[in-house]
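Some notes on the structure that comes next.
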Amino acid sequence: MIDEDETRLDRAFVALGDPVRRAIIARLSRGPATVNELAEPIPMTLQGVSKHIQVLEQAGLITRSRDGQRRPCHLNAVALEALTAWIDNYRLIAERQFRRLDSVLTAITPMQEEEEK
């Protein structure tokens, strides 16, 4: 059975699978922005950009606040940290395996050099 954390990860990775949404995340990494500000450099309708923002919100990657008439979007750093932690876990496993392989190859190399003499 899939737990809530896995569902959250699935939504986040699906959301990040789109280049427009990655561009929005990249822009929000520099600070909050309104939908209009986010839509400005994207060759898409405001409604299209709004749909991408909704996907990012549903994935928990961004939040919105109210500032008078403005509703700026903000990057959810905690959600990004969860993604990074998940990726780091598997990166560390792979690094351990490569280190073991390096050790084996290092041990074999002197033996091969001796055989060649």
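Just so you know, all these numbers are worked out from the coordinates, no wet-lab data involved. Note that the structure is a prediction, hence the values are computed from the model and not measured. Positions of Cβ are backbone-derived with ideal geometry, glycine not excepted, and every protein chain shown enters the neighbour counts.
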(request) Find how much the distance from Arg22 to Gln47 grows on full extension, using 0.36 nm per residue of separation minus their present alpha carbon separation; answer in nm with one decimal. (result) 7.3 nm
(request) Go ahead and set up a Gaussian network model of the chain, Cα springs under 10 Å, then flag whichever of Glu57, Glu40, Glu95 fluctuates most. (result) Glu95
(request) Express the C-alpha Rg of the chain as a ratio against the empirical globular expectation 2.2 N^0.38 Å, rounded to two decimals. (result) 1.65
(request) First select every other residue whose beta carbon is under 14 angstrom from the beta carbon of Asp10; then total the charges, Lys and Arg +1, Asp and Glu -1. (result) -2
